[in-house]
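Take a look at the structure set out below.
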Amino acid sequence: MSIQVKNVSKSFGSFQALKDISVDIESGELIALLGPSGSGKTTLLRILAGLEGLDEGAIYFDGENITNVSPKERKVGFVFQHYALFRHMTVFENVAYGLKVRPRKTRPSKQEIAKKVNELLELVKLQNFQDRYPSQLSGGQRQRVALARALAVEPKVLLLDEPFGALDAKVRKELRRWLRQLHNEFHVTSIFVTHDQEEALDVADRIIVMNNGKIEQIGTPDEVYENPKSPFVYDFLGNVNIFRGRLQNGKLRQGQFEISAPNYLDSHDEAVGYVRPHDIQIEKEKVDNETVAAKITFIHIVGPTVQIELKREDNGEFLEAELTKEHYKNLEIQKGDIVYVRPKQLKVFIPEDFSI
Amino acid sequence: MELSLKRRKKTTIIPGFSLTFGYTMLYLSMIVLLPLSMIIVNTLSMSWSEFYETITHPRAVASYKLSFGTAFVAGLINVFFGTMIAWVLIRYEFPGRKIIDGLVDLPFALPTAVAGIALTTLYAPNGWIGQFFDFKISYTPLGIIIALTFIGLPFVVRTVQPVLQNLSKEVEEASASLGATRFQTFVKIILPELYPAMITGFSLAFSRALGEYGSVVFIAGNMPMKTEITPLIIMTKLEQYDYVGATAIAIVMLSGSFIILLFINFIQWRMNRKFYH
């Protein structure tokens, strides 16, 4: 089912959670709503589910205005961050609930319900747990029950509110891969809320980046990561180093130090350059003006990568670089060394448009 | 006792077990067990046949039925309306909510005799409420039930209230998004969460009602075989210096309450098993 959000605004008292939001979501897409806490992503999800009303605007499912339709009639599956399982019911009863509460006319027979529930439990690999109570399950298992329960009613849209937020890193990774697979099989339009950029980049077909109740950017993970439209998106999708300076002849200048910015040949503005840590190269000799001297203040070896914290010699600003372990070993650097830092990929934003 | 404790002693990071446990036992013995055992000690001076005759006297048997029956009915009424009051107080915002919340505790604070006299006048055949009914309320078991309901009200409200307060809203939202009507959500999701608290409230209200004397004697009319409650029989025997007879009846009441409370605890234990493994 396709979803259209048209000019939706929502306030809680004096706090405006959503400001004139419009999005089109195509049928069968897997969308990530990404943003920091308080950005309005959960509010938008709850509005789509009908759990929250809206102040202005409208929501269309397959072209039909459902703004005032109750959650019960929206055919939406909702998965909560803290699972919201019914703790007095077994796993089986939890999954069967959505079918059992149907009006007599449309309610499947007991055997049909049992068959359906068993299928779903098999899908979430919990067929041996059907008689357990939620309190006897681990976090990952509970979230899988919650998913099975939401899928039991054959929703046209699946909405997930930080579904893996409360799980540990390994289970989280496993579950999101599994969600991706599930989506490939069922093609039900799915939207999940997350504040974890890695999760969004890993799983989603498209990412909607939100900040302060507004949409910052919509695009595929690659688009959003490689071509962020605003400093906020750039910043939110990974660590950044910031270089402030003035654009001149296609270069971002900062005193002696200059970084080439070939897309801005005609511009002579104050600008801010963003560089990802893995786009920073460390050299031991000064070759040209495109490097800046910095002192290594910390070296963290995190598994296969090495994170290096540096302090610039000229203005004392801190930089962060990320190297492969192999590269790090070849460089033979250690804490306290003065090295030369070369930004390889620069993304320039001119602060007129964006305040930082 | 102390020896066996020492032998089983295990290291735990929570301090003060022996101190608190010792104090608990001493306290319970002095406040509860010792007085209760005096009842049995006192009764032992009776011969078996005397004891049997006292406790199976038709007047006593009628009073057991009345006491247990009315306390049970009052407990049920309180479970129903107490839960409803707790629901209204927690779920809705309305002016005067705090005041009503405070009113709930009043039956605790009021001297029971005052409550009894007030209720008797209200429900007497010519009283403000009694005049609208063409059957008698005061001086019948119905009146007793009303008095017992009155004094037991706070128990259910106060046990259900915190549970209702802590009920997660998400669970209800989940139910709604799965297609349940509000009524289905209430019956299948909310009520089962409340059952344990409702049963606790019931057993508290029931036991309180069983031992109630002050408010009931006024409204009951105290007609032997009809509206005479067991605590009154015990009182009457005491006034006649028949201490042994009084304790004999007390033993019956005590065992009755004990068995019923044990049964309620059993039900509760079975229910709680689902929630806390």
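The values are calculated or read from the model by the stated rules, or taken from the named source; none is laboratory data. What you are looking at is a predicted structure, and each value in this text was computed from that prediction instead of being measured. Virtual Cβ from ideal backbone geometry, glycine too; neighbours counted across all protein chains shown. Accessible surface is based on the protein model in full, side chains and every heavy atom, while ligands, DNA and RNA are left aside. Shrake-Rupley method; radii C 1.70, N 1.55, O 1.52, S 1.80 Å.
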task = Could you tell me whether the range A:156-165 includes any residue that is among the β-branched types (Val, Ile, Thr) and surrounded by fewer than 20 Cβ atoms within 10 Å (Cβ to Cβ)?
result = no
inquiry  = Within the range A:135-146, take every residue that is within 28 Å of the chain's Cα centre (by Cα) and within 12 Å of chain B (Cβ to nearest Cβ) and give me the one that is surrounded by the fewest Cβ atoms within 10 Å (Cβ to Cβ).
reply    = A:Leu137
inquiry  = Here's a check for you: in the range A:106-126, which residue that is open to solvent by 80 Å² or more (accessible area, probe 1.4 Å) and at pLDDT below 90 is nearest to the other protein chains (Cβ to nearest Cβ)?
reply    = A:Thr106
task = Taking B:Asn78 as meeting all but one of (1) more than 28 Å from B:Val217 (Cβ to Cβ); (2) open to solvent by less than 60 Å² (accessible area, probe 1.4 Å), write down the number of the exception.
result = (1)
query = Counting residues that are surrounded by fewer than 15 Cβ atoms within 10 Å (Cβ to Cβ), which strands (runs of 3 or more DSSP E) fully inside the range A:1-54 reach at least 2?
reply = A:3-12, A:15-25
inquiry  = Here's a check for you: in the range B:183-199, which residue that is facing another protein chain (nearest Cβ under 8 Å) and without any contact (Cβ under 8 Å) to a residue 24 or more places away in the chain is least open to solvent (accessible area, probe 1.4 Å)?
reply    = B:Ile189
inquiry  = B:Gly179 - would you say it is of a type in the set (Gly, Ala, Ser), open to solvent by 50 Å² or more (accessible area, probe 1.4 Å), farther than 20 Å from B:Arg273 by Cα and without any contact (Cβ under 8 Å) to a residue 60 or more places away in the chain?
reply    = no
inquiry  = When you scan the range A:57-64, do you find a residue that is surrounded by fewer than 17 Cβ atoms within 10 Å (Cβ to Cβ), away from every other protein chain (no Cβ under 14 Å), free of Cβ contacts under 8 Å to residues at least 40 places away in the same chain and in a strand (DSSP E or B), even just one?
reply    = yes
query = Under 9 Å by Cβ, and 6 or more places apart or on different chains, what pairs join a residue from the range B:87-100 that is open to solvent by less than 60 Å² (accessible area, probe 1.4 Å) with one that is in a loop (DSSP other than H, G, I, E, B)?
reply = B:Val88/B:Phe94; B:Leu89/B:Val104; B:Ile90/B:Leu167
Helices (runs of 4 or more DSSP H) enclosed by the range B:168-277 - at least 3 residues per element that are acidic (Asp, Glu) = B:169-177
query = Can you name the condition, by its number, that A:Phe164 falls short on among (1) over 29 Å from A:Val5 (Cβ atoms); (2) touching a residue at least 12 places away in the same chain (Cβ under 8 Å); (3) away from chain B (no Cβ under 13 Å)?
reply = (1)
message = Can you go through A:Glu320, A:Glu309, A:Glu290, A:Glu258 and tell me which one is open to solvent by less than 80 Å² (accessible area, probe 1.4 Å), in contact with a strand residue (DSSP E or B) (Cβ under 8 Å, 6 or more places away or on another chain), of a type in the set (Asp, Glu) and outside any strand (DSSP E or B)?
response = A:Glu290
task = Give the number of residues within the range B:221-255 that are more than 23 Å from B:Ser49 (Cβ to Cβ), crowded, with 21+ Cβ neighbours inside 10 Å and at pLDDT 90 or above.
result = 2
